[in-house]
Amino acid sequence: MDQATRLRTIIKQNQVAPAHAARVITVTSGKGGVGKSNVSINLAVQFKKMGQRVIIFDADFGLANIEVMFGTVPKNNLADLIYQGKSIRDVITWGPMDIGFISGGSGIAGLTNLGTDYLNYLVTQLADLDSISDVIIIDTGAGISNAVTEFLVASGEILLVTTPEPTSITDSYSLLKSLKRNPRFNGDNTQIKVISNKVSDYKEGEILYKKLNAVVQRYLHLDMSYLGAIPEDSELSKAVMQQSPVCISNMNAKSAKAFDDIAKTLMDIPHEKQNFRAGMAGFFANMIRGRYTG
């Protein structure tokens, strides 16, 4: 039995039925400093308010933005799950409002170098993660590194955060270009939704999306949709300094209301395209399958 067959067998044996699998949403950006982690955290808060069980997976092993902004220090990370025999529940840190948080840490770098026994254990654990969450938000690193691209290729639902800064627009395009060129990317099974951040108002956010979309349509022929805008807000900056999501510290802030609107829109949008990943276990399988299938 070759490695590709082994992997398919492992997933089939441990896979959760799609009807019970978590919805996996990947949040990304073309460059740092555009507010990607803020989007991940505050959407998680809004989903929780809507009765969803939420877990954030911090896939940026270079920075620890999520834990800093949550004001929490995880005792364990993904590496402890893989190499120390910890269970998936052992590596979840519970933050405000009982929102779960998993630090990828150095474990992210080793995902594509696991043997069959490790794969079996990891997929089993990730299937358990599906059973205790309704929504899993993956906060990727920024930019177009191979690690980021691999997460995006595996995702059926991508939220791309961009700002009016020319470099942010250019880097967002570069990220999408890198994604499109990946031989394992399947545009028919991927939804790309754009969030305009740090804009003066909704209209500016829409104009920003149209500028990016025009270039993407012309040169990359990728389908995208506009999810909404988050206005520049001093209350959001204040919340970051206080290590508290603005949707908790100041629910009346204009940015908090924008996050609420976006979360509600996401809940109303059909997401059948991502269901074929079968939750987090399926997401992970899709991410590492390229190692075995070429």
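The values are calculated or read from the model by the stated rules, or taken from the named source; none is laboratory data. All figures in this text were calculated on a predicted structure; none of them were measured in a lab. Every residue, glycine among them, receives a Cβ derived from its backbone with ideal geometry; neighbour counts consider all protein chains shown.
Within region 251-288, the set of residues being at pLDDT 55 or above, surrounded by fewer than 18 Cβ atoms within 10 Å (Cβ to Cβ) and not in a loop (DSSP other than H, G, I, E, B) comprises LYS254, LYS257, ASP261, LYS264, THR265, MET267, ASP268.
Answer yes or no as to whether ILE207 is more than 21 Å from ALA281 (Cβ to Cβ) and without any contact (Cβ under 8 Å) to a residue 24 or more places away in the chain. In short, yes. Looking across region 73-96, the residues that are in a helix (DSSP H, G or I) and either of a type in the set (A, V, I, L, M) or modelled with pLDDT of 85 or more (or both) come down to LEU78, ALA79, ASP80, LEU81, ILE82, PRO96. In summary, LEU160 fulfils each of the numbered conditions (1) without any contact (Cβ under 8 Å) to a residue 60 or more places away in the chain; (2) of a type outside the set (Phe, Trp, Tyr); (3) buried (at least 17 other Cβ atoms within 10 Å of the Cβ) with the single exception of condition (1). All told, LYS198 falls short of being at pLDDT 95 or above, within 22 Å of ASP268 (Cβ to Cβ) and either of a type in the set (D, E, K, R) or part of a loop (DSSP other than H, G, I, E, B) (or both).
Which of the residues spanning region 152-181 are of a type outside the set (A, V, I, L, M) and part of a helix (DSSP H, G or I)? Correct list: PRO166, THR167, SER168, THR170, ASP171, SER172, TYR173, SER174, LYS177, SER178, LYS180, ARG181. Scanning region 97-137 for residues that are at pLDDT 90 or above and either part of a helix (DSSP H, G or I) or of a type in the set (Lys, Arg) (or both) yields MET97, ASP98.
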